[in-house]
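J.: Starting off with a structure, shown below.
The values are calculated or read from the model by the stated rules, or taken from the named source; none is laboratory data. If you're wondering where the values come from, they're calculated on a predicted model, not measured in any experiment. With ideal geometry, Cβ positions are generated from the backbone for all residues, glycine too; neighbour counts draw on all protein chains shown. Heads up: the accessible areas ignore ligands, DNA and RNA and are worked out on the full protein's heavy atoms, side chains in. Shrake-Rupley method; radii C 1.70, N 1.55, O 1.52, S 1.80 Å.
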Amino acid sequence: MEDLSQLKVLPTVGPAAEAVFAVDLLRRGGGGATFTRWRETVSLRMRRMPPTPAVPRQAGPPAAGEGNGGTWLFDLLAQETAQGEAAESSPDPVVRRMLDLGVRPYWGKARAYLQMDRECRSRMMASGGIETMLSNLHPWVGWRPPVLTVSLGRGEQIHLNGRGLNVVPSLFVNQPRIFAGRRGEQRPPILVYPTLLDTTVANALWDSAGADARALAALVGRTRARVLEELSETCNTSELGRRLGISPAAASQHATVLRGAGLVTSRRRFNTMLHSLTPLGSALVTVGSPVPKLFPAQELSLSVAQ
């Protein structure tokens, strides 16, 4: 039970890791009806772009439980925590294209939705304890003290040995996955679970790259609206320019104007400037975000606990 006292619920795995999961989801045609619009839209965007070089399957970050035990996810989360900014894009051109075409256009509201999911889990822990949260995390996740079971189709046991556990929601992961790292890994294992989407919630997310984006563009201008959307995840000036397809100088100028309006805050880290949204800027980007719906079992558990 000592490990449970060190359990943390993280808000997101970050857009770069979501892009890895999204590549797998698109290849498999996964996600069911709730991801139909996303699959069709992203497939169309990719067909309109020049083809990427052929990359062997193993060239990208391996899936959970494969190869290096998901060390790539540990590294991405560590980079974001240490630098206070979104991890740099993957060197895999397929993942990088997915990041630009299939994740970032929706990331503003997706991130807000995942953060609300996390808040739901935190409230569940506060009212019913960690055991209640784990028991109701996902139908494939079971909790029988002191064993947490995840149905992954293989009989693997992971011993925490006092490391604790990080639990984090994901929009594009297709099923709960455990990332334990290599043998001897000292960092806490990561349990990534799919956030619950129904068709209404999913359509609100996929629409976030359409009408809401146009409304924001009408308010602050198209380029500055994109700056606000990209800064849903903190990044430096050069990375902001790369995402927008503009020079670092132009990106810095837009960030300066938005900072003067109270929508963006900037801080220096060594020789780079990091930009992020203020609460007001975040409210503009995420207005109208859908609210996560719990599984029926979760609703029952909460009502009993209260």
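J.: Scan the stretch 263-272 for residues that are over 23 Å from the mean Cα position of the chain (by Cα) and either free of Cβ contacts under 8 Å to residues at least 12 places away in the same chain or buried (at least 17 other Cβ atoms within 10 Å of the Cβ) (or both) and jot them down.
T.: Arg267, Arg268, Phe270, Asn271
J.: Also, quick follow-up: With Gly260, Gly281 as the choices, which residue is open to solvent by 30 Å² or more (accessible area, probe 1.4 Å) and at pLDDT 85 or above?
T.: Gly260
So that you can scan it fast, the table gives a plain yes or no per residue for (1) at pLDDT 85 or above; (2) at positive phi; (3) of a type outside the set (Gly, Ala, Ser); (4) crowded, with 20+ Cβ neighbours inside 10 Å:
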position	(1), (2), (3), (4)
Tyr106	yes, no, yes, yes
Glu119	no, no, yes, no
Met125	yes, no, yes, no
Pro146	no, no, yes, no
Leu152	no, no, yes, no
His159	no, no, yes, no
Gly162	no, yes, no, no
Val167	yes, no, yes, yes
Phe172	yes, no, yes, yes
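J.: Could you say whether any residue in the stretch 26-39 is at pLDDT 90 or above and either β-branched (Val, Ile, Thr) or in contact with a strand residue (DSSP E or B) (Cβ under 8 Å, 6 or more places away or on another chain) (or both)?
T.: Checking the stretch 26-39: at least one residue is at pLDDT 90 or above and either β-branched (Val, Ile, Thr) or in contact with a strand residue (DSSP E or B) (Cβ under 8 Å, 6 or more places away or on another chain) (or both).
J.: Okay, next question. Scan the stretch 123-144 and report the pairs whose first residue is over 12 Å from Tyr193 (Cα atoms) and whose second residue is assigned to a loop (DSSP other than H, G, I, E, B) and small (Gly, Ala, Ser), with Cβ atoms within less than 9 Å and a gap of 6+ or a chain change.
T.: Once the first residue is over 12 Å from Tyr193 (Cα atoms) and sits in the stretch 123-144, its partners that are assigned to a loop (DSSP other than H, G, I, E, B) and small (Gly, Ala, Ser) give Gly142/Ser151.
J.: Residues in the stretch 234-250: is at least one among the hydrophobic types (A, V, I, L, M, F, W, C), closer than 29 Å to Val167 by Cα and either open to solvent by 30 Å² or more (accessible area, probe 1.4 Å) or touching a residue at least 40 places away in the same chain (Cβ under 8 Å) (or both)?
T.: Yes.
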